[in-house]
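Bear in mind that the values in this text are calculations on the coordinates, not laboratory data. Quantities reported herein were computed from a predicted structural model and do not represent experimental measurements. Virtual Cβ from ideal backbone geometry, glycine too; neighbours counted across all protein chains shown.
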Amino acid sequence: MTVEEYLSQYGDLKSRFNFDRASFTALKATLTDADAPEIMDDPVQTSPSKEAPYARDLERLYYLRAKIYLERDLLIRLKTEILELAKPLNPKEYALITMRYIRCEKWDNIIETMHAKRATVFRLNQALLQRLVLPENALNVKEELERFDEQQSAC
């Protein structure tokens, strides 16, 4: 994994976390809605189901809740690691790392905030990416989420 991939994990995970939270909220609202039985029933059923109504939806709800908790923990760990990695940098470099990879700001906003030319900011970013060294046990979010999915499918 490159330094840029490592740093970019935070923004990707943050988006995934927000999407899963929205999915959880929508599913929970659907399950507690008075009209839910009409909405959630399968229109075509070839054989009678032996599981309770909403069983799959409840399992999905529990799965999403567990995944959200994991993603939140991973976000905290990754943010801590990134900030530790950026600690020895000078204030401009630290600001660039936090704006781009923690706050997930667009390049135009970063350029405006830093009062620098586009080429200067990109050059600073490239120099940082080449100079930074990943921690020995760098968190790999993709592997953690795959491990979680394997554990959930085994249950």
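Could you give the length gained on full extension between Tyr54 and Ala22, defined as 0.36 nm per residue of separation minus the Cα-Cα distance, in nm?
9.6 nm
For labels at Thr120 and Leu145 in the simple 7 Å Cα→Cβ model, what's the distance in nm?
3.7
Setting aside same-chain residues fewer than 8 positions from Lys14, which lysines have a Cα under 27 Å from its Cα?
Candidates past the 8-residue exclusion: Lys28, Lys67, Lys79, Lys87, Lys92, Lys106, Lys142.
For a Förster distance of 30 Å, can you work out the FRET efficiency between the beta-carbons of Leu89 and Ala66, rounded to the nearest 0.05?
With a Förster radius of 30 Å, E is 0.25.
Gain in length, Asp108 to Glu5, computed as 0.36 nm per residue apart minus the alpha-carbon separation, to one decimal in nm?
Separation in residues times 0.36 nm, less the Cα-Cα distance, equals 35.0 nm.
If the only charges are +1 at each Lys and Arg Cβ and -1 at each Asp and Glu Cβ, what is the size of the charge dipole of the chain around the Cα centre, to the nearest 20 debye?
920
Starting from one equal scatterer on each C-alpha and no solvent at all, send me the Debye-based log10 I(q)/I(0) for the stretch 49-93 at q = 0.20, 0.27, 0.29 Å⁻¹, two decimals.
-0.72, -0.90, -0.94
Taking a ≥ b ≥ c as the square roots of the eigenvalues of the Cα gyration tensor of the stretch 59-120, is the shape rounded (a/c under 1.5), prolate (a/b larger than b/c) or oblate?
Oblate shape, in that a/c is at least 1.5 and b/c is the bigger or equal ratio.
Give me a comma-separated list of calculated 3J(HN,Hα) values for the stretch 105-111, in order, Karplus coefficients 6.51, -1.76, 1.60 applied at θ = phi - 60°, integers in Hz, x for any Gly or Pro.
7, 6, 4, 4, 5, 5, 4
What base-10 log of the normalised intensity I(q)/I(0) is obtained for the chain from the Debye formula, alpha carbons as equal point scatterers, at q = 0.14, 0.18 Å⁻¹?
-0.80, -1.07
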